[in-house]
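Working notes for the structure below.
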Amino acid sequence: MTSDLMERLSGFFGRQVALILWDLSDIVLVAVVLYYVLLLIRGTRAMQMGIGLVLVFAIYQVAKRVGLVTLYTMLDTLLTSLVLIIVVIFQHDIRRALMRFGQRPLFTSARAAMEGQVIDAVVKAATALANKRIGGLIVFEREAMLDEFIEPGTMLEAAVSRELLYSIFIPSFENPMHDGAVIIRDGRLWQAGAFLPLTASTKLDRTLGTRHRAAIGLSEETDAVVVVISEERGAISLCFNGNIVRNLDGPSLRKVLASLFRKRAKKLLSKGDEPPRGRESRVTRTTQADRPSAEDGP
(Lines give C-alpha, C1' and ligand atoms only; values in the text may rest on other atoms or scores of the structure.)
Protein backbone atom coordinates (compact mmCIF):
# COMPACT_ATOMS: atom_id res chain seq x y z
CA MET A 1 0.00 0.00 0.00
CA THR A 2 2.88 2.36 0.83
CA SER A 3 4.60 1.61 -2.47
CA ASP A 4 1.36 2.21 -4.36
CA LEU A 5 0.94 5.57 -2.61
CA MET A 6 4.51 6.58 -3.41
CA GLU A 7 3.97 5.59 -7.03
CA ARG A 8 0.86 7.74 -7.25
CA LEU A 9 2.64 10.72 -5.65
CA SER A 10 5.59 10.41 -7.99
CA GLY A 11 3.21 10.26 -10.93
CA PHE A 12 1.41 13.39 -9.69
CA PHE A 13 4.59 15.43 -9.16
CA GLY A 14 6.28 14.04 -12.27
CA ARG A 15 4.21 16.20 -14.58
CA GLN A 16 4.67 19.75 -15.82
CA VAL A 17 4.86 22.42 -13.12
CA ALA A 18 1.87 24.30 -14.54
CA LEU A 19 -0.36 21.21 -14.30
CA ILE A 20 0.78 20.50 -10.75
CA LEU A 21 0.06 24.08 -9.65
CA TRP A 22 -3.35 23.98 -11.36
CA ASP A 23 -4.36 20.79 -9.54
CA LEU A 24 -2.99 22.07 -6.21
CA SER A 25 -5.02 25.28 -6.56
CA ASP A 26 -8.10 23.14 -7.26
CA ILE A 27 -7.47 21.11 -4.08
CA VAL A 28 -6.88 24.25 -1.99
CA LEU A 29 -10.10 25.83 -3.32
CA VAL A 30 -12.17 22.75 -2.41
CA ALA A 31 -10.53 22.66 1.06
CA VAL A 32 -11.40 26.34 1.65
CA VAL A 33 -15.03 25.78 0.59
CA LEU A 34 -15.34 22.77 2.91
CA TYR A 35 -13.77 24.76 5.74
CA TYR A 36 -16.30 27.57 5.44
CA VAL A 37 -19.18 25.11 5.13
CA LEU A 38 -18.07 23.50 8.40
CA LEU A 39 -17.85 26.94 10.00
CA LEU A 40 -21.42 27.69 8.93
CA ILE A 41 -22.90 24.51 10.41
CA ARG A 42 -20.73 24.50 13.53
CA GLY A 43 -22.82 24.96 16.64
CA THR A 44 -26.08 24.00 14.91
CA ARG A 45 -28.21 20.87 14.63
CA ALA A 46 -27.01 20.59 11.04
CA MET A 47 -23.60 19.50 12.35
CA GLN A 48 -25.12 16.48 14.06
CA MET A 49 -27.17 15.68 10.96
CA GLY A 50 -24.05 16.00 8.80
CA ILE A 51 -22.18 13.53 11.02
CA GLY A 52 -25.14 11.17 10.73
CA LEU A 53 -25.04 11.35 6.93
CA VAL A 54 -21.30 10.63 6.94
CA LEU A 55 -21.91 7.55 9.10
CA VAL A 56 -24.67 6.36 6.76
CA PHE A 57 -22.31 6.75 3.79
CA ALA A 58 -19.57 4.82 5.64
CA ILE A 59 -22.00 1.97 6.38
CA TYR A 60 -23.03 2.03 2.71
CA GLN A 61 -19.40 1.56 1.63
CA VAL A 62 -18.87 -1.28 4.12
CA ALA A 63 -22.05 -3.05 2.98
CA LYS A 64 -20.92 -2.71 -0.64
CA ARG A 65 -17.48 -4.19 0.03
CA VAL A 66 -18.51 -7.13 2.25
CA GLY A 67 -21.55 -8.09 0.16
CA LEU A 68 -24.47 -7.22 2.47
CA VAL A 69 -26.91 -7.13 -0.44
CA THR A 70 -30.10 -6.12 1.41
CA LEU A 71 -28.46 -3.33 3.40
CA TYR A 72 -26.55 -2.12 0.35
CA THR A 73 -29.70 -2.02 -1.80
CA MET A 74 -31.64 -0.10 0.84
CA LEU A 75 -28.89 2.47 1.38
CA ASP A 76 -28.25 2.75 -2.36
CA THR A 77 -31.90 3.69 -2.87
CA LEU A 78 -31.64 6.21 -0.04
CA LEU A 79 -28.42 7.80 -1.27
CA THR A 80 -29.79 8.11 -4.80
CA SER A 81 -31.87 11.01 -3.48
CA LEU A 82 -28.96 12.41 -1.45
CA VAL A 83 -29.06 15.86 -3.05
CA LEU A 84 -32.77 16.24 -2.26
CA ILE A 85 -32.19 14.97 1.29
CA ILE A 86 -29.40 17.51 1.84
CA VAL A 87 -31.54 20.38 0.53
CA VAL A 88 -34.46 19.42 2.81
CA ILE A 89 -32.35 18.87 5.93
CA PHE A 90 -30.05 21.85 5.48
CA GLN A 91 -32.50 24.33 3.93
CA HIS A 92 -32.17 26.81 6.82
CA ASP A 93 -28.39 26.56 6.81
CA ILE A 94 -28.18 26.99 3.02
CA ARG A 95 -30.40 30.07 3.22
CA ARG A 96 -28.35 31.40 6.12
CA ALA A 97 -25.09 30.83 4.23
CA LEU A 98 -26.33 32.74 1.19
CA MET A 99 -27.69 35.57 3.36
CA ARG A 100 -24.48 35.85 5.38
CA PHE A 101 -22.37 35.79 2.22
CA GLY A 102 -24.32 38.70 0.77
CA GLN A 103 -24.42 40.68 4.03
CA ARG A 104 -20.84 40.13 5.24
CA PRO A 105 -18.98 43.45 5.48
CA LEU A 106 -16.08 43.87 3.08
CA PHE A 107 -13.81 45.40 5.69
CA THR A 108 -13.09 43.58 8.94
CA SER A 109 -12.32 46.86 10.70
CA ALA A 110 -15.83 48.16 9.93
CA ARG A 111 -17.38 44.97 11.30
CA ALA A 112 -15.22 45.14 14.42
CA ALA A 113 -16.22 48.76 15.00
CA MET A 114 -19.91 47.88 14.68
CA GLU A 115 -19.56 44.95 17.09
CA GLY A 116 -17.70 47.18 19.54
CA GLN A 117 -20.53 49.73 19.54
CA VAL A 118 -23.16 47.03 20.05
CA ILE A 119 -21.21 45.39 22.88
CA ASP A 120 -20.73 48.78 24.55
CA ALA A 121 -24.49 49.50 24.40
CA VAL A 122 -25.36 46.04 25.77
CA VAL A 123 -22.86 46.34 28.63
CA LYS A 124 -24.21 49.76 29.65
CA ALA A 125 -27.82 48.54 29.47
CA ALA A 126 -27.09 45.34 31.39
CA THR A 127 -25.25 47.27 34.10
CA ALA A 128 -28.10 49.77 34.44
CA LEU A 129 -30.70 46.97 34.61
CA ALA A 130 -28.67 45.08 37.22
CA ASN A 131 -28.33 48.20 39.37
CA LYS A 132 -32.11 48.60 39.33
CA ARG A 133 -32.69 44.85 39.74
CA ILE A 134 -34.67 44.61 36.52
CA GLY A 135 -34.52 41.20 34.81
CA GLY A 136 -33.50 40.86 31.19
CA LEU A 137 -32.33 38.52 28.43
CA ILE A 138 -30.15 39.83 25.58
CA VAL A 139 -29.22 37.36 22.83
CA PHE A 140 -26.41 37.80 20.32
CA GLU A 141 -27.11 35.75 17.19
CA ARG A 142 -23.86 34.55 15.66
CA GLU A 143 -23.45 32.03 12.82
CA ALA A 144 -26.55 29.93 13.52
CA MET A 145 -29.83 31.65 12.62
CA LEU A 146 -32.27 31.49 15.53
CA ASP A 147 -35.55 31.46 13.59
CA GLU A 148 -36.22 27.75 14.16
CA PHE A 149 -35.15 27.76 17.80
CA ILE A 150 -37.17 30.63 19.28
CA GLU A 151 -40.79 31.64 19.62
CA PRO A 152 -40.87 34.96 17.73
CA GLY A 153 -41.63 38.20 19.50
CA THR A 154 -42.11 41.75 18.21
CA MET A 155 -40.09 42.70 15.14
CA LEU A 156 -38.13 45.91 15.69
CA GLU A 157 -35.20 46.14 13.24
CA ALA A 158 -33.79 49.05 15.22
CA ALA A 159 -30.34 50.36 16.08
CA VAL A 160 -28.97 48.92 19.32
CA SER A 161 -28.75 51.54 22.07
CA ARG A 162 -28.54 51.53 25.85
CA GLU A 163 -31.74 53.55 26.18
CA LEU A 164 -33.80 51.26 23.94
CA LEU A 165 -32.60 48.07 25.64
CA TYR A 166 -33.27 49.52 29.07
CA SER A 167 -36.78 50.68 28.18
CA ILE A 168 -37.74 47.30 26.70
CA PHE A 169 -37.16 45.47 29.99
CA ILE A 170 -38.96 47.91 32.29
CA PRO A 171 -41.71 45.74 33.83
CA SER A 172 -45.17 47.02 33.05
CA PHE A 173 -48.57 45.52 32.26
CA GLU A 174 -48.61 47.67 29.12
CA ASN A 175 -45.15 46.50 28.02
CA PRO A 176 -45.48 42.83 26.97
CA MET A 177 -41.97 42.80 25.49
CA HIS A 178 -40.24 42.92 28.88
CA ASP A 179 -41.12 39.28 29.58
CA GLY A 180 -39.09 37.81 26.73
CA ALA A 181 -35.65 38.10 25.19
CA VAL A 182 -34.12 40.69 22.91
CA ILE A 183 -32.42 39.24 19.82
CA ILE A 184 -29.51 41.10 18.20
CA ARG A 185 -28.82 40.08 14.60
CA ASP A 186 -26.07 41.57 12.43
CA GLY A 187 -25.58 44.49 14.78
CA ARG A 188 -29.30 45.41 14.80
CA LEU A 189 -32.00 44.89 17.42
CA TRP A 190 -34.01 42.33 15.46
CA GLN A 191 -36.72 41.21 17.91
CA ALA A 192 -37.97 41.85 21.42
CA GLY A 193 -40.23 39.69 23.55
CA ALA A 194 -39.00 36.43 22.00
CA PHE A 195 -39.14 33.20 24.02
CA LEU A 196 -36.21 30.78 24.17
CA PRO A 197 -36.15 26.98 24.55
CA LEU A 198 -35.48 25.75 28.09
CA THR A 199 -32.55 23.42 28.67
CA ALA A 200 -33.45 19.76 29.03
CA SER A 201 -30.32 19.00 31.04
CA THR A 202 -30.92 17.26 34.38
CA LYS A 203 -27.39 18.02 35.59
CA LEU A 204 -28.08 21.67 36.29
CA ASP A 205 -28.80 22.93 39.77
CA ARG A 206 -32.53 22.92 40.50
CA THR A 207 -32.38 26.45 41.85
CA LEU A 208 -31.64 27.88 38.39
CA GLY A 209 -34.30 30.39 37.39
CA THR A 210 -36.25 30.17 34.15
CA ARG A 211 -34.28 33.00 32.57
CA HIS A 212 -31.02 31.19 33.13
CA ARG A 213 -32.43 27.86 31.94
CA ALA A 214 -33.71 29.52 28.77
CA ALA A 215 -30.34 31.17 28.15
CA ILE A 216 -28.45 27.91 28.68
CA GLY A 217 -30.99 26.02 26.54
CA LEU A 218 -30.46 28.31 23.56
CA SER A 219 -26.68 28.22 23.97
CA GLU A 220 -26.81 24.40 23.96
CA GLU A 221 -28.75 24.30 20.70
CA THR A 222 -26.88 27.10 18.89
CA ASP A 223 -23.71 29.18 19.04
CA ALA A 224 -25.65 32.19 20.37
CA VAL A 225 -24.29 34.23 23.27
CA VAL A 226 -26.86 35.25 25.89
CA VAL A 227 -26.58 37.96 28.56
CA VAL A 228 -28.83 37.32 31.58
CA ILE A 229 -29.71 39.95 34.18
CA SER A 230 -31.14 38.51 37.38
CA GLU A 231 -34.18 40.29 38.75
CA GLU A 232 -33.78 38.89 42.25
CA ARG A 233 -30.07 39.49 42.85
CA GLY A 234 -29.26 42.16 40.28
CA ALA A 235 -26.41 39.98 38.97
CA ILE A 236 -25.20 39.67 35.36
CA SER A 237 -24.46 36.26 33.81
CA LEU A 238 -23.31 35.16 30.36
CA CYS A 239 -24.22 31.89 28.65
CA PHE A 240 -22.47 30.32 25.65
CA ASN A 241 -21.82 26.74 24.47
CA GLY A 242 -23.98 25.42 27.32
CA ASN A 243 -21.80 27.15 29.92
CA ILE A 244 -22.59 29.99 32.28
CA VAL A 245 -20.29 32.74 33.57
CA ARG A 246 -21.84 34.31 36.66
CA ASN A 247 -21.59 37.55 38.60
CA LEU A 248 -19.92 39.70 35.98
CA ASP A 249 -19.53 43.42 36.36
CA GLY A 250 -19.46 45.86 33.43
CA PRO A 251 -15.72 45.68 32.56
CA SER A 252 -15.55 41.88 32.86
CA LEU A 253 -18.73 41.46 30.77
CA ARG A 254 -17.23 43.68 28.07
CA LYS A 255 -13.99 41.69 28.14
CA VAL A 256 -15.72 38.30 27.83
CA LEU A 257 -18.00 39.50 25.00
CA ALA A 258 -15.04 40.98 23.14
CA SER A 259 -13.15 37.70 23.54
CA LEU A 260 -16.09 35.64 22.27
CA PHE A 261 -16.59 37.83 19.24
CA ARG A 262 -12.91 37.57 18.46
CA LYS A 263 -13.51 33.80 18.40
CA ARG A 264 -11.40 33.17 21.47
CA ALA A 265 -14.00 31.32 23.54
CA LYS A 266 -11.87 28.15 23.49
CA LYS A 267 -8.94 30.01 24.95
CA LEU A 268 -11.21 31.49 27.60
CA LEU A 269 -12.41 28.05 28.68
CA SER A 270 -9.12 26.16 28.18
CA LYS A 271 -7.64 24.28 31.11
CA GLY A 272 -5.62 26.48 33.37
CA ASP A 273 -7.21 29.73 32.15
CA GLU A 274 -9.81 31.59 34.14
CA PRO A 275 -12.43 33.97 32.75
CA PRO A 276 -12.23 37.66 33.57
CA ARG A 277 -13.56 37.96 37.11
CA GLY A 278 -16.49 40.07 38.22
CA ARG A 279 -17.51 39.95 41.84
CA GLU A 280 -17.55 36.11 42.01
CA SER A 281 -17.23 35.07 38.35
CA ARG A 282 -16.63 31.44 37.45
CA VAL A 283 -17.50 29.09 34.56
CA THR A 284 -19.54 25.98 35.19
CA ARG A 285 -22.46 23.97 33.86
CA THR A 286 -23.78 23.13 37.31
CA THR A 287 -23.11 26.37 39.15
CA GLN A 288 -25.28 27.65 41.96
CA ALA A 289 -27.69 30.16 40.50
CA ASP A 290 -30.16 32.69 41.66
CA ARG A 291 -33.15 31.29 43.48
CA PRO A 292 -36.07 31.03 41.04
CA SER A 293 -38.49 33.87 41.30
CA ALA A 294 -42.10 33.99 40.27
CA GLU A 295 -41.12 36.83 37.99
CA ASP A 296 -37.90 35.20 36.75
CA GLY A 297 -39.45 34.22 33.40
CA PRO A 298 -37.72 33.84 30.01
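The values are calculated or read from the model by the stated rules, or taken from the named source; none is laboratory data. The model shown is predicted, which means the values in this text are computed figures rather than measured ones. All Cβ positions, glycine included, derive from the backbone under ideal geometry; neighbour counts span all protein chains shown.
For the condition at pLDDT below 75, touching a helix residue (DSSP H, G or I) at 6+ places or on another chain (Cβ under 8 Å), at negative phi and loosely packed, with under 12 Cβ neighbours inside 10 Å, what is the one hit in V87, V83? Break it down into steps so the answer makes sense when it comes.
Details: V83 fails: touching a helix residue (DSSP H, G or I) at 6+ places or on another chain (Cβ under 8 Å).
Sole residue among the options that is at pLDDT below 75, touching a helix residue (DSSP H, G or I) at 6+ places or on another chain (Cβ under 8 Å), at negative phi and loosely packed, with under 12 Cβ neighbours inside 10 Å: V87.
Just one of E174, E220, E163 is in the same structural domain as A125 (by TED's automatic domain parsing), crowded, with 17+ Cβ neighbours inside 10 Å, on the phi < 0 side of the Ramachandran plot and not small (G, A, S); which is it?
Working: E174 fails: crowded, with 17+ Cβ neighbours inside 10 Å; E163 fails: crowded, with 17+ Cβ neighbours inside 10 Å.
Exactly one residue qualifies, and that residue is E220.
Among the residues of the range 138-156, is any surrounded by fewer than 23 Cβ atoms within 10 Å (Cβ to Cβ) and in a helix (DSSP H, G or I)?
No, there is no match, as no residue in the range 138-156 is surrounded by fewer than 23 Cβ atoms within 10 Å (Cβ to Cβ) and in a helix (DSSP H, G or I).
Restricting to the range 232-259, count the residues that are crowded, with 24+ Cβ neighbours inside 10 Å and out of contact with any helix residue (DSSP H, G or I) (no Cβ under 8 Å at 6 or more places or on another chain).
Counting residues in the range 232-259 that are crowded, with 24+ Cβ neighbours inside 10 Å and out of contact with any helix residue (DSSP H, G or I) (no Cβ under 8 Å at 6 or more places or on another chain) gives 1.
Within the range 30-63, take every residue that is among the hydroxyl-bearing types (S, T, Y) and crowded, with 16+ Cβ neighbours inside 10 Å and give me the one that is modelled with the lowest pLDDT. Working first, answer last.
Of all residues in the range 30-63, those among the hydroxyl-bearing types (S, T, Y) come to 35-36, 44, 60.
Subset that is crowded, with 16+ Cβ neighbours inside 10 Å: 44, 60.
Values: T44: 58, Y60: 85.
Only one residue fits best here, namely T44.
For A265, state whether it is at pLDDT 85 or above, under 19 Å from the mean Cα position of the chain (by Cα), surrounded by fewer than 23 Cβ atoms within 10 Å (Cβ to Cβ) and aliphatic (A, V, I, L, M). Show your work before the answer.
Working: at pLDDT 85 or above: no; under 19 Å from the mean Cα position of the chain (by Cα): yes; surrounded by fewer than 23 Cβ atoms within 10 Å (Cβ to Cβ): yes; aliphatic (A, V, I, L, M): yes.
For A265, the condition - at pLDDT 85 or above, under 19 Å from the mean Cα position of the chain (by Cα), surrounded by fewer than 23 Cβ atoms within 10 Å (Cβ to Cβ) and aliphatic (A, V, I, L, M) - is not met.
Among the numbered criteria (1) out of contact with any Gly (no Cβ under 9 Å at 6 or more places or on another chain); (2) modelled with pLDDT of 85 or more; (3) under 23 Å from D179 (Cα atoms), which single criterion is violated by A294?
If we test A294 against (1) out of contact with any Gly (no Cβ under 9 Å at 6 or more places or on another chain); (2) modelled with pLDDT of 85 or more; (3) under 23 Å from D179 (Cα atoms), just (2) comes out false.
Could you tell me whether any residue of the range 186-207 is under 15 Å from A130 (Cα atoms) and either buried (at least 22 other Cβ atoms within 10 Å of the Cβ) or assigned by TED's automatic domain parsing to the domain that holds A128 (or both)? Write out each step before concluding.
At the first step, the residues of the range 186-207 found to be under 15 Å from A130 (Cα atoms) are none.
Within the range 186-207, none of the residues are under 15 Å from A130 (Cα atoms) and either buried (at least 22 other Cβ atoms within 10 Å of the Cβ) or assigned by TED's automatic domain parsing to the domain that holds A128 (or both).
Any chance the range 7-26 includes a residue that's at pLDDT 80 or above, among the hydrophobic types (A, V, I, L, M, F, W, C) and closer than 30 Å to E148 by Cβ?
no
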